[in-house]
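Notes follow once the structure below has been shown.
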Amino acid sequence: MRIGAGTVAGLAGLAVAHGASGAILGFGSRTFDDIAAVDVAQSAIEHEHLSTLSSACLDLSPTADGPSKFSVDVRTHHSTECGGDAGAKPLLFTIDVDGAHKTLRLQRTGEPDRFLKWRNSR
């Protein structure tokens, strides 16, 4: 899994703020953030078999939609390993992640939205 280039700097700062333990999904008094949203979206992609591509060939880009709410765009990552035009990153689908209510909604063009089972990745 790759995180979109536009979010790398922000995510690096958040990772440092959360420490090296990586226990972001324990929540408790911690805030649900974009790193946690990407983790939950990645878990849904794997468990629901939403893509036949390996996680190394997926580019996940979270956008905040409100407190504890994120839209995670899932695009193909083209490279020598993954194939495709390196300049293109077509959108496969979007997963709306609501950390407060623990809901996931899959949006694919041409298909009705559907809710997915919430799974913590850790």
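Readers should treat all values here as calculations from the given coordinates under stated rules, not as data from a laboratory. Small disclaimer: the values here were computed from a predicted structure and weren't measured.
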ask   = Tell me which lysines have Cα within less than 23 Å of Lys69's Cα, excluding those fewer than 8 residues away on the same chain?
value = Lys102, Lys117
key: Net lengthening on full extension, Glu46/Arg108 (0.36 nm per residue, minus Cα-Cα)   = 20.7 nm
remark   = In order over the range 63-75: 3J(HN,Hα) from phi, Karplus 6.51/-1.76/1.60, θ = phi - 60°, whole Hz, x for each Gly or Pro, gives 10, 6, 10, x, x, 6, 10, 9, 9, 10, 6, 10, 10
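Using 0.36 nm per residue, how much length does the chain from Thr63 to Phe93 gain when fully extended, once their Cα-Cα distance is taken away?
Extra length available between Thr63 and Phe93 comes to 9.4 nm.
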